[in-house]
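Here the structure is laid out as structure tokens; the discussion comes afterwards.
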Amino acid sequence: MISQQVKTMGVAGVVLVIACVGIGVWFTMALTKSQQTKSELDSAHRELEKICKEKIFPNANNIERIQEDQEMLETWIEAVTNQLATSDIPLTDATPAKFKSDLEDAIRELVRNSAAQGRPARVTPDFRFGFDKYRGDVLPERADVPRLNQQLDIIKLLVAELYEANVVRLDVVTREVFEAGATTTREDSGTSARRSNRRPADGGGTAAAARPAAGDMFESQRFTVALEAHPDTFADVLNRLATMDIFVVVSEVDIKKTADSVARREPSAREATSRQTNQFTDDSDAPPVVQIVTNPQDEPPVTVRLVLDVYSFKGV
């Protein structure tokens, strides 16, 4: 008969064998996983080495194509900016007294033209077209005269287009105030301080950079006009501004009606009599007491405020 000690040793041996098998399986799985991980790392390493040894993108063909595109774009930009520069209003130098004399002559001419073709004047006799600063004996600084002359020329062109479009009334014209001591800004009245990159008064400047930045190729001045016009006239105003020789961009538009665009027509005496006759019979055949009538020709004027940016371009 097997003793208790032998049985215990047999059970311990079986347990030991099972533990050894389990440990062997675990080590085999760990080794397999390690080999798989090592294989993946080796594959990734080989792929990285392959990428590192390849030529960096873009290749020679792409570089050549990019250079051709760059030359084409530079040629196009040069042609466009040179063409736009031909429509630029020049900066004309003069003495302050000469500018003041030309300004008063121009204002008188603009006021006189506002009443052309036998129609009522579209501006008041004391309208200053944005140059209220120079009323009376006030003269500008000598350094400001070239740009003031440019602004005067621009305003004369803008006002001429408004007159040609037959606006009903011209209420406000403002310009970008740049003179020393100016306190207005673009945000509160459509004006701003002078840009730091504006060209010199003599219109010159050195072409130091072969490829100037886009901001160095152009600059803008802001003008504001407020007017009253019929709707079809307002559409003509926008079309005229878009086709001017100078480059004008309408930055803001504020439009309001001056009256109700729906006209109400009272019934005639015959219609009123007919309605009274039929009021006790069949109301469905009676004419309406009031008819609502719309007609594009009868549209009331609208008040319009336009903020205009006039761009000047420098050739390259």
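General remarks:
- Residue check, Ser101 out of contact with any Gly (no Cβ under 9 Å at 6 or more places or on another chain) and surrounded by 10 or more Cβ atoms within 10 Å (Cβ to Cβ): yes
- Residue check, Thr92 surrounded by 13 or more Cβ atoms within 10 Å (Cβ to Cβ), under 22 Å from Arg147 (Cβ atoms) and not assigned by TED's automatic domain parsing to the domain that holds Arg142: no
- Checked against (1) of a type in the set (D, E, K, R); (2) closer than 21 Å to Ala242 by Cα; (3) surrounded by fewer than 17 Cβ atoms within 10 Å (Cβ to Cβ); (4) modelled with pLDDT under 90, Glu164 meets all criteria but (4).
- The residues of region 110-133 that are among the basic types (Lys, Arg) and closer than 27 Å to Phe178 by Cβ, listed by number, are Arg128, Lys133.
- Only a single criterion out of (1) among the charged types (D, E, K, R); (2) modelled with pLDDT under 60; (3) under 20 Å from the mean Cα position of the chain (by Cα) is not satisfied by Arg264, namely (3).
- Candidates Ala106, Ala143, Ala97 - the one that is over 23 Å from Arg222 (Cα atoms) and hydrophobic (A, V, I, L, M, F, W, C): Ala97
- Exclusive hit being on the phi < 0 side of the Ramachandran plot, under 25 Å from the mean Cα position of the chain (by Cα) and in a helix (DSSP H, G or I), set Lys156, Lys133: Lys156
- Count of region 39-68 residues, restricted to those that are in a helix (DSSP H, G or I) and either among the aliphatic types (A, V, I, L, M) or touching a residue at least 40 places away in the same chain (Cβ under 8 Å) (or both), is 7.
- The combined condition, being of a type in the set (Asp, Glu), touching a Leu at 6+ places or on another chain (Cβ under 7 Å) and either in contact (Cβ under 8 Å) with a residue 24 or more places away in the chain or in the same structural domain as Val237 (by TED's automatic domain parsing) (or both), is not fulfilled by Glu141.
- Each residue in region 88-115 was checked for being in contact with a helix residue (DSSP H, G or I) (Cβ under 7 Å, 6 or more places away or on another chain) and part of a helix (DSSP H, G or I), and 7 pass.
- Yes/no for Thr32 being over 38 Å from the mean Cα position of the chain (by Cα), among the β-branched types (Val, Ile, Thr) and outside the structural domain of Asp153 (by TED's automatic domain parsing): yes
- For region 31-85, the candidate set comprises residues that are modelled with pLDDT under 85 and among the small types (Gly, Ala, Ser); within that set, the residue that is farthest from Lys314 (Cα to Cα) is Ala60.
- Among the residues of region 99-139, those that are closer than 21 Å to Leu157 by Cβ and aliphatic (A, V, I, L, M) comprise Leu103, Ala106, Ile107, Leu110, Val111, Ala115, Ala116, Ala121, Val123.
- Every residue from region 155-168 that is of a type in the set (A, V, I, L, M) and more than 15 Å from Arg128 (Cβ to Cβ): Leu157, Ala160, Leu162, Ala165, Val167, Val168
The values are calculated or read from the model by the stated rules, or taken from the named source; none is laboratory data. This one's a predicted model, so the numbers in the text were calculated from it and none came from an experiment. Here the Cβ is made from the backbone with ideal geometry for all residues, glycine too, and neighbour counts use every protein chain on show.
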